[in-house]
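Below you'll find the structure, written out as structure tokens, and then a few comments.
The values are calculated or read from the model by the stated rules, or taken from the named source; none is laboratory data. Source: prediction; values computed, not measured. When we count neighbours, we look across all protein chains shown, and the Cβ atoms used for this are built from the backbone with ideal geometry, even at glycine. Just the protein is used for accessible areas: all its heavy atoms, side chains included, with ligands, DNA and RNA removed. Shrake-Rupley method; radii C 1.70, N 1.55, O 1.52, S 1.80 Å.
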Amino acid sequence: MRSLPVADPGVPDARSPFRYLLWTARSQAGSLLVGIGYAILWWTAMALVPAAVGRSVDAIWHEDMRGLLIWSAVVFGLGVAQAVTSTLRHRMAVFNWLSAAYRTVQVTVRQATRLGATLPKRVSTGEVVSVGNSDIAHIGNAMDILLRGTGAIVAIVTVTVILIGTSPALGLTVLIGVPVMAVAVGPLLRPLHRRQHAHRDLQGELSTRATDIVAGLRVLRGVGGEQIFAERYAEESQKVRRAGVRVAAVEATLEGAQVLLPGLLIAGVTWLGARAALSGEITVGQLVAFYGYAAFLISPLRTLTEAADKLTKGHVAARRVVRILNLRPEVTGGTGTSQGGLLRDVASGVAVRPGVLTAVVSAVPEESVAIADRLGRYADGDVDFGDVPLDSLPIDEVRRRILVADNEAGLFAGPLRDELDVTGTASEETLTRALRAACAEDVVEALPDGLDATVAEAGREFSGGQRQRLRLARALAADPEVLVLVEPTSAVDAHSEARIAVRLAEARAGRTTLVCTTSPLVLDHADHVVYVEEGVARAQGTHRELLTENAAYRAVVTRGEEEPVRPPEPAGVGRGKPGEEAA
């Protein structure tokens with residue numbers, strides 16, 4: 001059902017993945033800065049430990065008990081500082097990860113609401129699902145690594161300053177070695193970026209295939225097509241696996257570089273420190289401190305290469321999000337107002353009169369659907385609502401006043417009551433009337449908890465006819481000013497269809513309603529019928545008048561069978577009598 005009001009989009013101006021990541025960071029700048037502060041304190045406390053240990057060793061060498069106690073206390077204090085700041089940093093890291101991930105979910109859902117019927121036409125289901133399955137994690141990781149990455153840079157700078165102050169050669173080695181190491185891993189990032197992007201696209205296609213198979217599993221079993229589609233899914237999953245292996249090959253090389261390059265730099269620092277100690281340029285304690293720095297530098301250097309990897313993955317994930325955010329609705333609204341009245345599609349000539357149950361009949365169902373889409377403002381068209389063009393009204397007002405319910409509308413997981421009462425304002429009596437009009441009381445009665453029963457995803461526990469009746473009940477419970485129904489009885493049996501025809505007319509008495517159908521049972525209860533051929537209204541009247549006067553209409557409604565036209569009912573027999581007996 002495509003009728004919910006469009007919420008305030010709140011979608012960022014994200015014309016590129018980098019701009020989106022920047023917007024995400026700015027949106028949570030406060031928590032990021034706090035987390036970066038904790039990360040800097042954490043890394044700095046660790047960076048100062050080797051220096052304090054070296055001073056303690058020198059105190060032992062010089063038999064300075066007071067100095068030993070002071071520097072031992074400093075080491076203890078640095079350990080406590082590490083424990084506290086590590087806990088706080090991790091807490092902020094999780095907070096920022098969740099903020100970035102679910103902010104992405106929020107803007108994606110808002111954009112999906114804003115796009116409405118445009119979204120499934122432009123983006124596959126799998127691509128949207130992949131945003132929630134994997135992309136939000138990579139965007140969250142990109143925000144998380146900013147904390148440790150910034151702290152790692154500060155820690156490397158701190159160690160470099162200490163080393164330069166102790167031994168200029170060692171300090172310059174670190175100062176030059178870190179940028180060289182960063183440049184060395186650069187050539188790996190471009191192929192990683194490209195392969196990750198290809199892998200993401202294949203994952204989205206595979207998710208779409210899986211969604212289609214699950215949705216059509218009952219049909220596949222009916223025609224014996226499970227094995228064929230299982231083989232196609234297996235073939236596509238192997239493509240995803242091979243793409244994943246190609247990504248893993250680059251990631252494995254990057255992981256190896258994270259060990260090899262820092263290891264070479266640290267080995268050089270250790271070798272230079274040992275030579276300086278042998279030549280008497282540095283003390284024994286300083287040599288011990290250099291070994292400590294050599295071990296410590298592994299962590300911040302690996303963090304920098306990890307940051308390059310995660311930021312690359314975050315950029316790839318942001319590209320998929322930006323692809324959705326950059327979509328624009330096919331139709332937009334204006335700022336006008338309308339008192340309502342005649343709803344008329346100029347292109348086809350179909351006019352829906354106020355308070356009348358109108359039916360549209362076409363030999364080609366797509367023609368009726370196109371008219372319904374234009375009347376509901378889901379497609380551009382020259383449509384008048386009262387004395388003003390429909391496209392001059394705000395789109396949220398159109399959605400509130402004109403409801404288009406078709407057979408593509410889904411059922412969502414959750415309590416059935418919430419499923420039927422989408423606005424949360426319908427009374428128990430309203431829901432009861434809607435269920436009766438849609439002949440769906442038996443569906444609710446069969447559930448252990450009635451309206452409080454939980455509906456599974458897509459309403460898969462219901463048959464096709466049951467889902468159709470529940471969708472109709474949902475549309476009737478909304479009680480819009482104008483209701484447009486597209487083939488509302490195509491999946492129900494003839495007995496239920498006859499009852500629905502009678503009750504639908506009763507439920508919408510005095511309300512503006514359009515039904516696109518070829519069902520004689522429904523058409524017989526319509527106040528006015530419009531026959532459409534090649535997208536244009538060719539004949540109008542009551543169902544029985546058209547059966548008598550228009551051969552083309554008769555062929556469509558009777559499915560091409562040459563049936564005699566029923567004579568008019570005897571005087572004194574009301575229109576609803578046959579349906580009432582069927583009920």
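Between 0 and 90 degrees, the angle of helix 284-296 with respect to the longest Cα principal axis of the chain falls at about 20 degrees. Taking the longest Cα principal axis of the chain as reference, the axis of helix 428-437 is set at about 60 degrees.
Between the stretch 253-289 and the stretch 436-515, how far is it from one alpha carbon centroid to the other, in angstrom? Between the Cα centre of the stretch 253-289 and that of the stretch 436-515, the gap is 76 Å.
Computed over protein heavy atoms with a 1.4 Å probe, the accessible surface of the stretch 377-466 works out to 49 Å² per residue. Label the stretch 438-543 by shape, choosing from rounded, prolate and oblate, from the square roots a ≥ b ≥ c of the eigenvalues of the Cα gyration tensor; if a/c is under 1.5 it is rounded, and otherwise prolate applies when a/b is larger than b/c, oblate when it is not. Prolate.
Annotation: Thr518 carries an accessible surface of approximately 30 Å², with a 1.4 Å probe and no ligand, DNA or RNA atoms counted.
Computed extension length for His495-Leu98: 137.7 nm, one decimal, from 0.36 nm per residue of separation with the Cα-Cα distance subtracted. With a simple spin-label model that places each label point 7 Å from the Cα along the Cα-to-Cβ direction, the separation between Phe229 and Glu429 comes to 4.5 nm. Here the sum of -39500 (n - 2.57) over DSSP H runs of 4 or more residues, divided by the residues of the chain, equals -21500 deg cm²/dmol at 222 nm, to the nearest 500. Nonpolar atom fraction for the stretch 69-212, defined as the carbon and sulfur part of the 1.4 Å probe accessible area, stands at 68 percent. Tell me the accessible surface of Leu68 in square angstrom (1.4 angstrom probe, heavy atoms of protein chains only), to the nearest ten. Leu68 has an accessible surface of roughly 40 Å² with all protein chains in place. Spatially, the stretch 144-208 and the stretch 354-422 are offset by 54 Å when compared through their Cα centroids. Using the average count of surrounding beta-carbon atoms within 10 Å as a protection proxy, the listed peptides 286-296, 449-459 rank, highest first, as 286-296, 449-459. Once the Cα atoms are used to define both axes, helix 29-61 deviates from the longest principal axis of the chain by about 20 degrees.
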